[in-house]
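For reference, the structure is listed below as structure tokens.
The values are calculated or read from the model by the stated rules, or taken from the named source; none is laboratory data. What you see is a predicted model, and the numbers here were worked out from it, not measured in a lab. FYI the Cβ positions are ideal-geometry reconstructions off the backbone, even for glycines, and counts take in every protein chain you see. What goes into the accessible areas is simple: the full protein's heavy atoms, side chains included, and nothing from ligands, DNA or RNA. Shrake-Rupley method; radii C 1.70, N 1.55, O 1.52, S 1.80 Å.
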Amino acid sequence: QDQHASRDELFAAAATFTVLAWAWAHLFAACQAIAPHSFGAQIHPEQPRTWTELLFLSFSTLSGVGLGDIIPLRPMARALVMLGEFAGVMYIALVVSRLVGLLTLHRGLGRHDDARASFRAAAAVWRAAKLEKSPDALNTLNNWGSLELSAGKAEVAEPLLREAVTLRRQLYGPSAAT
């Protein structure tokens, strides 16, 4: 049994998510080619969506952010977006939960240095993927801060936990972090 989340696994998870986003953007582009005006937006609603807009839709759909700047208008586009939402949620639930589980397993086994390296790598991945304001980032910060506290390093834990509180307020509102 593999009981270690390596840096390569973390980068592979982020790279796979990026490949999924590009694949869904291609599906959205194909949908738009087959059924014009499948996607709408507030800016130039009569024009077809650009590749960048469809890629943005793909990332925001798969990550669960769902900003709503670009919306599916036709049934086929709505079906594709729903499938993309499901695929993104399942990817994050399965892959990220496994990686977080392995990271916390390290902490439970007392391998603080290994866990620290894994948390640093996870933070680098979500920063590189522009997911600094995601629930995954919040979990990483909380777990990393808890690890440092359990290792007796309050001076290292404090900024991590402060960042987690700030992020929790941004994600869930001002009363969420009290």
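A few remarks follow.
- Lys, Arg +1 and Asp, Glu -1 on Cβ, resulting dipole of the chain about Cα centre, debye, nearest 20: 160
- Cβ-Cβ FRET estimate between residue 50 and residue 90, R0 fixed at 30 Å, reported to 0.05: 0.60
- Among 52, 61, 16, the largest mean-square fluctuation in a Gaussian network model of the chain (Cα springs under 10 Å) belongs to 52.
- In terms of its C-alpha gyration tensor, the chain comes out prolate, because a/c is 1.5 or above and the ratio a/b outweighs b/c.
- Once the Cβ-Cβ distance of residue 43 and residue 11 is raised to the sixth power relative to R0 = 45 Å, the FRET efficiency obtained is 0.85.
- Computed [θ] at 222 nm, helices only, for the chain once each DSSP H run of length n ≥ 4 contributes -39500 (n - 2.57): -23000 deg cm²/dmol
- Full extension of the chain segment joining residue 155 with residue 65 gains 29.1 nm, where the gain is 0.36 nm per residue of separation less the Cα-Cα distance.
- A 1.4 Å probe run over the protein chains yields, for the range 18-92, 57 Å² of accessible area per residue, whole-number rounding.
- For the chain, the share of accessible area belonging to carbon and sulfur comes to 62 percent (1.4 Å probe, ligands and nucleic acids excluded).
- Tilt relative to the chain, helix 97-108 - C-alpha long axis, 0 to 90 degrees, to 10: 10
- Largest-first ordering by accessible area, 1.4 Å probe, given options 26, 112: 26, 112
- All other residues whose Cβ lies under 14 angstrom from that of residue 165 are scored, Lys and Arg at +1 and Asp and Glu at -1, for a net of +2.
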